[in-house]
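Everything on this sheet refers to the single structure shown next.
Only the coordinates and a few stated rules stand behind these numbers; no lab work does. For clarity, every value in this text was computed on a predicted model and none was experimentally measured. Please note: Cβ atoms are built from the backbone with ideal geometry, for glycine as well, and neighbour counts cover all protein chains shown.
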Amino acid sequence: MNNIIKSISSIIIIATLITTNAFCNEKSIIAGEDRFETAIEISKSWKTSREAILVNLIAESDLLCATVLASQIDCPILLTDKNNINEPTSNEIKRLNINKLYLIGGKDVIYETIEKELNKSNIKTERICGVDRYETSISIANKVSELKKSNIAILVNGEYSVADAVSISPIAGDKNIPVIICKNDQIKLQKEWMKNNDIKNLYIIGGEDVINKAIEKELNIDNINIERIYGKDRYETNAKIIENFYKEVKINKLFYCKGKNLNKKNEIIDGMLVSPLASKEKSPIILLGENLTKEQKYVIKKKNIKSLIQVGHGVSEESKKELYKLKESYTSPSLDDSLTLNPSQPEEPPSLEQEDSSDPKEEPPILEPEQPNKPEEEPPILEQEKPSEPEEEPSIPELPPIENEKEDLKYVDYTIDEKKKIISINFNKEIYTSKESIKELKESIKIIIDKNNIYNNKIEKNKNTENNLNYEEKYIKLNKYDNVKIEGKSLIIELDDEPIGNNSSIVISGDTIKDDDNSYLEELRVENIQGINKNIAFVKNEDELNEYINDKEVDIIKLENDIVKSKNINTPIKLKDNITIDGSNGEENFKIYHIENSLQQILMSSNNITLKNLDLEGIYIDIINRQNIILKNMKIDLDNKKIPSSTRFTPCITVDYSEVYAKDIILINNESAIEVKSTSATGKRATLIIDGYVYNEKTDKENKYMQTIILENRTKDINSENLNKVILKDENKKIEDMFIKEIKNNNEDVIGSNKTYEIYYKK
């Protein structure tokens, strides 16, 4: 009989485990096919909501700060692209019966077109934003304070410690604590906000490598009581927060999600999205790596967890198994555990009482009060509680921090100068690369273009309503005018032009940057690089070039291959206003050429045109009566072409009563030249501005750069200021002052003069 009972018990236990696992795999997962869908699945936890928050998918810091507002309003967070709300999200807005949406971010983050479409659908909108992510976080904090005042705040590095802050966001939402972000060493804006809002207590999330110690000292001057919460990594920080803020043994729900994405793009967005729900349920969030850390195991094994809920995909199966094993192995709580956080009880105030609190009957704070016997040296805001039993392991807060010299090399944050062309990527320690490797490092760097600025992708979107199906990630390599250097803890990238798009990314391949221990950094992806907001079309062939070259919506054409120009041989390539053609392929350029034994013409009959990082073969440039024409980093090769015998000179570049800026141009032909003239407009002049070098490769003599310039003046009896000019940009004087030798002075029968010069520059 006993054997039968044992068998039945075993069957029951096995069945229970099977049921538990099935529940884990099916019912206890909140996830969609992508992050838009995951946000919607989380939103379904609300049967209805009159309000909701709308955030750009890639605006990670905006999303983090908005979690507190969402918790305060008791509403979900939904995601959008900057210029389009997809159909599933629109359907969720309808299901919730929403009549007001808070748009987080400026009009370059969430386009005004979205706002207008929502208003047409009788949905009110309120935009909360600033000039950048830091001001946006202040604007969100102001809205939070407007709804309910707090004298406590949380400070987070807007680039690096966002992952750490996810762990505390449910508490911040539950206790109405605004989250504001800052840079590693800048606090002016945030300090002013704290002063205006009478902040008395501040939690700094992250170590001194992400928020400088000097900031803490500066804030202490204003008598702000500061508690810094951090661990050696995001998982230890996660464990510390659970240990300190969730004191009770019983936990009704524990949400878990991946703690890091392999491609490092929007890596912990699942945790942010579920934060309002976790706050609503008074539940913690645990971030999972490949395995549970010893600190996480120590905290979780003491908790009586009723249910585990996975958020999003990509969670390590091994860490999930460990988590469920700890849940199932729990036996009984410690008798002296403090049950200070009880979801079944009314909401308690934060650990530090609000100065405007008027209810003396509120429940005790989450954390134990400060000890009265040491008034002059009070413990930190949140006292790290010691284990209740001496035989247990030491509590997590007692773990000593990892010494800096033993830390792994890791990315901290980035800064951009005022002109937004110099990007400094900062690390936690000094970095190195050999002189031989600096070129390799430069070659390893790619600028990933914001998908919303890729015109080819926009066309595909119009063909298919599912936004991301046809998106192909596009990138640009650094060219010869971009520079890379290492200074201390910073990798400095000096760009010739701004990156394209408001949310571009910089990707650096692994094994190119190392520390003094010869430990190399793994592949790094720096998100949300702010650049120029222009449409770029990537072209691979002549048909695509012809398709986009006169498209009014296209601002930049980027070559992905050499382009063979074989169609309409006798028809010039005409460029529209305000267009750039870029042939950049790293140090080398792509080219446009044709295979016929005749010359092809690019006719500049429009203004504001730039040709850069581009080689032309058998193609010359004719610029007629135009302004703001830029030619930069080009080679023009007319060699080995059958030029009509009647034409003594076929200039590579003709500047005809126009203004042209030329920088670093190599012309390849024994008879090649730049011609500066005025043929059709009396009283107008042509101007050639030379910056850097402009020279003829095949006539290079005596280690000097030489170029043939035809300077032609055909206008009679006019002011000398209106004569055609060639100007050296750096010296701001007529180039005649640098002429070494006049080759010829012919065509005396025409009005004025027609002169050809050899111009030399020292290398």
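Summary table
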quantity	calculated
Overall form of the stretch 195-327 per C-alpha gyration tensor (a/c, 1.5; a/b vs b/c)	prolate
Pairwise FRET efficiency - GLU87 versus ASN142, Cβ, R0 = 30 Å, nearest 0.05	0.35
Additional length obtainable on full extension of the chain from LYS514 to LYS195, 0.36 nm per residue less Cα span	110.7 nm
Dipole magnitude of the stretch 25-148 about its Cα centre (Cβ charges: Lys, Arg +1; Asp, Glu -1), debye to nearest 20	520 debye
For peptides 97-106, 526-535, sequence by mean Cβ density within 10 Å, most packed first	97-106, 526-535
Gyration tensor (alpha-carbon) shape descriptor, the stretch 514-598, a/c threshold 1.5	oblate
Prolate/oblate/rounded label for the stretch 41-171 (Cα gyration tensor, a/c 1.5)	prolate
Neighbourhood charge, 11 Å Cβ-Cβ cut-off, centred on LYS591 and excluding it, Lys, Arg +1 and Asp, Glu -1	-3
Alpha carbon convex hull of the stretch 409-529, projected area averaged over orientations, nm²	8.0 nm²
Computed E for LYS576/GLU430 - FRET, C-beta separation, R0 51 angstrom, nearest 0.05	0.55
Cβ-Cβ FRET estimate between ASN608 and SER28, R0 fixed at 60 Å, reported to 0.05	0.55
Segments 208-219, 66-77, 654-665, 580-591 sorted - mean Cβ within 10 Å per residue, highest first	66-77, 654-665, 580-591, 208-219
Packing rank of 287-296, 186-195, 274-283, where each peptide gets the mean count of other beta carbons within 10 Å, highest leading	274-283, 287-296, 186-195
Estimated inter-spin distance, ILE486 and ASN291, nm [label 7 Å along Cα→Cβ]	3.1 nm
